[in-house]
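Below is one structure, written out as structure tokens; comments come after it.
Readers should treat all values here as calculations from the given coordinates under stated rules, not as data from a laboratory. These numbers were taken from a predicted model, which means no experiment stands behind them. Every residue, glycine among them, receives a Cβ derived from its backbone with ideal geometry; neighbour counts consider all protein chains shown.
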Amino acid sequence: MATRQHAGLGRKLLHIAFGGCALALRYIPWWEAALLATAALVFNLFVLPRVAPQLYRTGERMRDARSGIVLYPVSVLLLVLLFPNRLDIAAAAWGILAFGDGIATIAGRQLGGALIPWNREKSFAGTIAFFLCGGLAGSLLAWWCRPSVMPTPDAWFSIGAPLVAALVAAFVETIPIRLDDNLSVPGSAAAVLWALSLVREDLVGPAIVAGGNSILLATAANVPVAWLGYRAGTVTSTGAVTGAVIGIAIAVTTGWPGWALLLATFLTASLSSRLGLRRKTLLGIAEERGGRRGPGNAIANTGLAAVAALLSVLTYPRDPALLAFVAALAAGGSDTVASEVGKAWGRRTYLVPTFRRVAPGTSGAMSLEGTVAGVAGACVLAAVAISVGLVPQGALFAIVAGATIGALAESLLGATLEAPGILNNDTLNFINTAIAAAAAILVARVAA
């Protein structure tokens, strides 16, 4: 046992030490960094198992492409390839992975203490250590690489953005899924850093002033709606609070048109959950808690839309952010419609991508009835967005196409990754909205 713990400590120390290589990103171009990351990947695949087999955990196969030892350099390579002109983002995300994730494990084991309620394998001590150490390392590396980026990033970004990214990544690490931290941590951190890199400093002040003027009215509108949703049995108490916070953020940033679309999405999802409830209950595929939506569901289906709403008042130009906002909500709402209609009235349900016939409610399964209902739901929500002036009429196709692409991607991932616990339903829903938002922007640009 002592030998195993010593090996685990050695592995984590190596995990942390390798993060120091991010300092080199200040001096070398992205293609050299990519070559070095590729060399590290090859070394970890073919050489490390021979020279240091003790670094592998019990049950972990050497040369296994799914092991953390292999996925670590894969993540670094992807960061460099995705951000060739922003190596400060790559360095900061790398630092959060190396120091945040590495020290969190050591602190969690050594300090113990209270466990995270939704994931009893994680502790508050480890999560706090993750945020503090990962945030500090990310800020230092972003600041260190700042001179090599043109134009030079704002000082607030280099110092503050990695702290926000570390906080989000620390939360993501506590989600009870089996997706390797070497993928989830740098992926979530890089996404936050990229989103914050779009923020323009001169827009922050006016946005705060405008938000302060409307937050009371937004709160007065969202709190009663959340309470009514709880009383009607559509959300849990924590789901109501989370939904109210998201609703306030959206109302403050996009105004009442955005809030109206959010409300339409919420009503669409809630009502569809009750379609064919008796049949779904008999089949054992009804939504948990009698269809009540919890905080995870609220974040998964509307969290990305809330981020897009914030960016719509903090970036230039505003139109792509609003399109992403609408597409994310349309994807979340239409996906729920497709799922619930398919479970209630789907006659033949097929698994993506094999198209093997499976029982209704199987993760990743699709039916003709559910698919048609989902497309119709996306059309309705897109029409609502157009009618209230959020997006122009020509954006209808991009929104529906984005929602459809997101749904197909979610079905594919659900069929392959949900059953083994690598992803869960909330994670899949969030990925669905993110892909839908990106696809809608891409389709709109191609069609322009």
Calculated from backbone phi, Karplus (6.51, -1.76, 1.60) coupling profile of region 341-356 in Hz, x at Gly/Pro: 5, x, 6, 7, 10, x, 7, 10, 10, 10, 8, 8, x, 7, 6, 7
Cα centroid of region 211-231 to Cα centroid of region 408-422, whole Å: 35
Hey, can you grab everything whose amide H is under 5 Å from the amide H of Arg293? Only 5+ residues off in sequence or another chain; H modelled, so Pro and N-termini drop out. Val235, Thr236
Proximal charge balance of Ala409 [Cβ under 15 Å; K/R count +1, D/E count -1]: -3
So if I take the centroid of the Cα atoms in region 233-257 and the same for region 68-140, what is the distance between those two points in Å? 30
In Å, descending, principal axis extents of the Cα set of region 210-447: 53, 45, 31
In deg cm²/dmol, rounded to the nearest 500, the helical mean residue ellipticity at 222 nm of the chain, built from -39500 (n - 2.57) for every DSSP H run of length 4 or more, is -23500 deg cm²/dmol
Burial order of peptide ranges 208-221, 155-168 (average beta-carbon count within 10 Å, highest first): 155-168, 208-221
What does the charge add up to near Gly374, with Lys and Arg as +1, Asp and Glu as -1, over the other residues with Cβ less than 11 Å from its Cβ? -4
Whole-number percent relative contact order across region 210-447, with pairs defined as alpha carbons under 8 Å at least 6 apart: 21
Can you compute the FRET efficiency between Asp154 and Leu115 using 1/(1 + (r/R0)^6), with r the Cβ-Cβ distance and R0 = 45 Å? Round to the nearest 0.05. 0.70
10 Å binning of all Cα-Cα separations within region 2-197, expressed as whole percents from 0 upward: 10, 37, 36, 15, 2, 0
Sequence-distant or interchain residues sharing an amide H contact under 5 Å with Gly361, placed H: which? none
Among Leu408, Ala189, Ala142, pick out the residue whose Cα is farthest towards the positive end of the charge dipole of the chain, where Lys and Arg carry +1 and Asp and Glu carry -1 on C-beta, about the Cα centre. Leu408
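So between Thr354 and Leu442, what do we pick up on full extension, going 0.36 nm a residue minus the alpha carbon distance?
28.9 nm
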Under a Cβ-only charge scheme (Lys and Arg +1, Asp and Glu -1), can you give me the dipole magnitude of the chain about the Cα centre, in debye to the nearest 20? 1140
If you average the sequence gap of Cα pairs under 8 Å that are 6 or more apart and divide by the length of the chain, what percent do you get for the contact order? 12
Ascending count of other beta-carbon atoms within 10 Å, so fewest first, for Asp88, Asp426, Asp202: Asp202, Asp426, Asp88
Debye intensity ratio in log₁₀ form over the Cα atoms of the chain, taken at each q of 0.12, 0.14 Å⁻¹: -1.11, -1.40
Can you work out the FRET efficiency for the pair Val51 and Leu13, with r the C-beta to C-beta distance and R0 = 22 Å, to the nearest 0.05? 0.85
Give the relative contact order (percent, whole number) for region 2-197; include only Cα pairs under 8 Å separated by 6+ residues. 24
Can you tally the net charge around Arg26? Count Lys and Arg as +1, Asp and Glu as -1, for every other residue whose Cβ sits under 14 Å from the Cβ of Arg26. 0
³J(HN,Hα) across region 21-35 via Karplus (A = 6.51, B = -1.76, C = 1.60, θ = phi - 60°), whole Hz, x for Gly/Pro? 5, 5, 4, 5, 5, 6, 10, 10, x, 4, 5, 5, 4, 5, 5
Go through region 147-155 residue by residue and turn each phi into a ³J(HN,Hα) via Karplus (6.51, -1.76, 1.60, θ = phi - 60°); whole Hz please, and just put x for glycine and proline. x, 8, 9, 10, x, 5, x, 4, 4
